[in-house]
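The block underneath contains the structure these notes are about, expressed in structure tokens.
The values are calculated or read from the model by the stated rules, or taken from the named source; none is laboratory data. Since the structure is predicted, the reported quantities are computational estimates derived from the model, not experimental observations. Note: ideal-geometry Cβ built from the backbone for every residue, glycine included; neighbour counts use all protein chains shown. Remember, those area values only see protein heavy atoms, side chains included, never the ligands or the DNA or RNA. Shrake-Rupley method; radii C 1.70, N 1.55, O 1.52, S 1.80 Å.
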Amino acid sequence: MAFSPSPFLDPGTHASANNLGILQLRRDQLIPAVLLPHAESDYAEGKVENTRFGSFPHSTLVGQPWGTQVLASVVDTGSRGKSKKRKRDGKDEDGEAGKSDVKEARKDIVKAATASSGFAHLVPPTPETWTLSLPHRTQVVYTPDYSYILQRLRVRPGDHIIEAGAGSGSFTHAAVRAVYNGYPGQSDPSNPTEDADTAPKKRKRKRNGGVYSFEYHEPRARQLQLEISDHGLAPLVTITHRDVYSDGFCLDNPSLPDADAIFLDLPAPWQALKHLTRSPPSSAALKATAPDIPTETTADASKPFRSPLNPRTPTRICTFSPCIEQVTRTVSALRTLGWLEIDMVEIAAKRLEVRRERVGLAEEGVRGGNSAPANVQEAVQRLKDVEGRAAVFHSLQKEKQEEVMRRAEARKRGEVGVGDEDGGKKEGVKTSRQDRLDKAKREIEARSLFKEGRLVHRTEPELKTHTSYLVFAVLPREWSGQDEERARRKWGK
Amino acid sequence: MHSYIRPNTHIALRLPSGLFKIVEITPNTSINLGKFGAFNSNLLLGRPYYLTYELLDKEDGRAKTTLRVVPASELHAEALGSEHAPAAEATDESADSGAGYDIVGEDGEVIMRNNRLTVDDASRQKLSMEEIEELKKAGTGSGKDIIAKIMESHNALGEKTSFSLAKYTLRKSRKYLKRFTALPMDVGVLTEYVLEREAYKIMELREDLLGLICSWANIHCAATSRVQMAEDGVSQIGGGRWLVVDDTGGLVTAALAERMGILYPEESDAESEEDGETQFAALEEVGRALSQQQNGTTDPSETAVPTGTDTDMPEADADTTVPPNPSKPNDDSSSRPQPRKQPRPHVPQMSAQTNTLTVLHPNNQPNLSYLKYFGYDYGAPAISHPLYKHLKSISWLSLLHPEDDPQYDEPESFSEEALTTMKSSKRGTYYRKRRRWERVKTVVDETRAGGFDGLVVATAMDPKTVLKELVPLVRGGGKIVVYSPNAEPLVELCDYYSKERRAAYIAHEFGPAPQTPNQQNGMKHKFEDDAETNDSTTEVDEDDDFPVNPTLLLAPSLQTARARQWQVLPQRTHPMMTSRGGAEGYLFTATRVLPIEGRVEARGHHGKKKRKVDAEVPVQA
């Protein structure tokens, strides 16, 4: 298979097979799918995405320019369901039969017929669309948070970033986009797992950006690894299943991770901080940062100290914690370990909803309108109308009553057979509501609702008021007396 | 990046007051910090960033002012020192007896003072103004002793609660400590610096929103992206090219460039400390090769790729999907006759094909003045700067009416014989004109061909007029982001792209929607009214109701975000009491899509109501 860059980074002009595409149904309803038009499937059309807006066989998606509005296809979902049921009932024989069916179907995938209704848009994946559509394994770091974090961490193309607590991978994807500046040894895609620094260096010493991701929950780490490979990002992301509190961040390759930035989404970031230093931390500092844990200095002493940080650049860190107690402990650990520029913020993000607010008597019975009077004049007019009708009604009532009296008197007098005229009278007091609704219905055709009413905006009904506290800090380069002496010699006094 | 302070770059010095001072640091010059004193720039050069320095005056037996690095432990002494003491206070939370009373422990010992006895009177400070001035003149040390003296002579320091004492100390330190922190000049610092003094110049754009813009616009480094052509074989699609409308003096451009890896001059991101020189030489080499190709027979689409950042990736043009096409608009054969020998290697400006920013500007020149802090002067750009090739600019006039732009007119072309007989100065002018024209023509033609990966707008102009022209230039799946300090312009924009208006637009373009929308599963013909399209009747009416084509954008949304800062100190953690007001700042985001020609029926349930369907009938782009 020819090397093709991740659709996240260089999507190309068209959706292509074996790459991730996103079907956008609504603003917040997106279906990610690795497009496999020839994969085994129960459907005659091959692999199909079934949505409430129709079915979309992958064969109708591959080869479409990105951003295309795709029409749903007619897919027989019913018979497949039946065969599945059968499978469940008589496990063995029917299961076999089903499989052979599938094989036949796979041989000649039926060209999907376009359905009469339903569509979706095929958009290239971005960290934003992925964040909205990814399978949740843990709390997700959402776009407003990760945008700010990456901005503040000053993550630039070519940087190395450590991410601990990879979780669902939303931050991973955003981080890859930020550090990406080409695949390691791009001309040699056959060896994509090779690390940036070990790849034969081309011309200049160009450093490829990379994400070094740590996750201590093994199934999650494995799942993330799968996703990352599916998305064509495997050469850029190194996922390690590890407990960073005890084992730190250094990788087998002695020159990695060589981090410029760190993002910790851990329950106790202060316990990981002792591994993120430029020189071995003093035992006093260790005690101060993690008093509840017996210091494993013995274990540390056996190995020579190695810093996971890039010694040539200032290292920036961000920790992501939902509780204030975590923040205070983290901050005091950062202070003890010599981090500077410590800053804590929280992000308040909201989405606004824009709509037209139509108010007025004309809105009665019209969807989305408020049928209260639009202004005092309308209110007065309506009151007048009501009064007028009431007057008519009362006069009719009076008439009716008189009529009743007359009839009663007539009956008294012994006359019989006076007709019932109620029906005719009802016509007179006609319920104006029905009338108005009819009128509104007639008029709606001529109205342009899209530009009527007052344009308003307000916060959307679902509001995230707190995600997490973000603690930022910077660890400058180590600067010894020797370095100072050298600088003094070089630049003069 | 930013591994140490390099000569002739801009750096930001943060003073104890929290204000920034930006200086261009040249060797052997004096840097003046006002009342705090002055020092020689050599004392900073070659040192790492983020360190805090203390000015040590010459009076203290030194020949010159020197700098002392203040270690982190000293900077954090305040916070760390009090950390363990108040921990004892924290244990007793039951004694929370309300304001006005000391918090008293079980044994009757006062464990937390409060402000019951505070006297609001300036007379408690025994030192007079004159005396303090005297102390300052004496200029001993770093200001610490002044603070110590002031604290000493405060009458009732003992009456202060530990919190107010801390505040008092902080206030005095801000005023008298002769310290500063050296920060690298990056987009974050620049934003803070400008917001502080002339926020209007950057449309009050905060860093949190800059981050959001970059994310939603999907900005990333595309130096190695493939160059791919549309089916017409002329216009490029994607390739990491973004369109920018920037009324923030170049701040937005800088933020995008930072994410694309083209903001900082080459040398500063090299790991090597010494080889700045060699890199430049290499670059010159590339430039020479380039200009030779340019003047030879090769197609410009091939020549343009290798640049400072691109060169190591031959992939970029190897993957070109379309063979060199002689009919390319920027390959006007009449531009060919150029002399073989050139006095100097000419590196064509704005010639990169991938990873580019195209800035649209309303004046003759774009206002990108803030780029000067990153070593890029728009008026006289340095060839070594990545923006030289990756930043393109085009005026609204040349975009919309290139025929009216004199720069787009081809200057007279001379034969080689005629050129050789020319005076050298005249020949120089000739080449300059030719090159400018070539540059303008290339940029205009490729911009008009569209296929951009995204559009970022931060402008005071009416956004709908901007989007009307520029949205069609964005590729399918590309991202649109519009920033505005106020909500109203964007609210209006959302309305122009609303679902209702889209439906109306489709009805307007394709005739009314077929009635009985309830039977959406019926065998209705989708393209039935295709025939009667496009006889748009009243132009005026259309422009009023549909200033933009609402079917071109998917999922238009409006959002805002704000970072709220907290103070984190032991026992004193709370949100900051004050922060910047002013413009809240909003973002409009959407995705460019390619609607199907003709009428399309939507499916699915609309809201919780019964089966009702809004007939969405997107139209051709």
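How would A:His394, A:His14, B:His10 rank on accessible area, largest to smallest, probe 1.4 Å?
Output order, biggest surface exposure first: A:His394, A:His14, B:His10.
At a Förster radius of 56 Å, what calculated FRET efficiency corresponds to the Cβ-Cβ distance of B:Lys21 and A:Gln381, to the nearest 0.05?
Efficiency for this residue pair is about 0.25.
Taking the full set of protein chains and a 1.4 angstrom probe, give the accessible area of A:Met405 in square angstrom, rounded to the nearest 10.
For A:Met405, the solvent-accessible surface is approximately 120 Å².
Please compute the length gained on full extension between A:Arg52 and A:Lys111, using 0.36 nm multiplied by the number of residues separating them and subtracting their Cα-Cα distance.
Computed gain between A:Arg52 and A:Lys111 is 19.1 nm.
Using only the heavy atoms of the protein chains and a 1.4 Å probe, how would A:Trp479, A:Trp130 rank by accessible area, largest first?
A:Trp479, A:Trp130
Pairs A:Lys206/B:Lys392; A:Lys47/B:Lys499; B:Lys392/B:Lys433; A:Lys384/A:Lys451; A:Lys400/A:Lys439: which exceed 20 Å Cα-Cα?
A:Lys206/B:Lys392; A:Lys47/B:Lys499; A:Lys384/A:Lys451; A:Lys400/A:Lys439
How big a patch of accessible area, both sides summed and in Å² to the nearest 100, lies buried between B and A at a 1.4 Å probe?
9500
Can you pull out the GluC sites (Glu not before Pro) in the range B:387-492 whose DSSP state is coil and whose Cβ has at most 16 other Cβ atoms within 10 Å? Mind showing how you got there, number by number?
On the way: sites: B:Glu403, B:Glu412, B:Glu416, B:Glu417, B:Glu438, B:Glu446, B:Glu469, B:Glu492; in loops: B:Glu412.
For GluC sites (Glu not before Pro) across the range B:387-492 that sit outside H, G, I, E and B with at most 16 neighbouring Cβ atoms in 10 Å, the list reads B:Glu412.
Not counting ligands, DNA or RNA, and with a 1.4 Å probe, what is B:Asp247's accessible surface area in Å² rounded to the nearest 10?
Accessible surface of B:Asp247 is approximately 60 Å².
Please compute the volume of the convex hull spanned by the alpha-carbon atoms of the range B:222-269 and report it per residue in Å³.
Convex hull volume per residue, Cα atoms: 93 Å³.
Once the whole set of protein chains is in place, how much accessible area is left on B:Lys426, using a 1.4 Å probe, in Å² to the nearest 10?
Using a 1.4 Å probe on the heavy atoms, I get roughly 130 Å².
For A:Val471, A:Val354, give me the order by solvent-accessible area with a 1.4 Å probe, most accessible first, ignoring ligands, DNA and RNA.
Ranking A:Val471, A:Val354 by accessible area, largest first, yields A:Val354, A:Val471.
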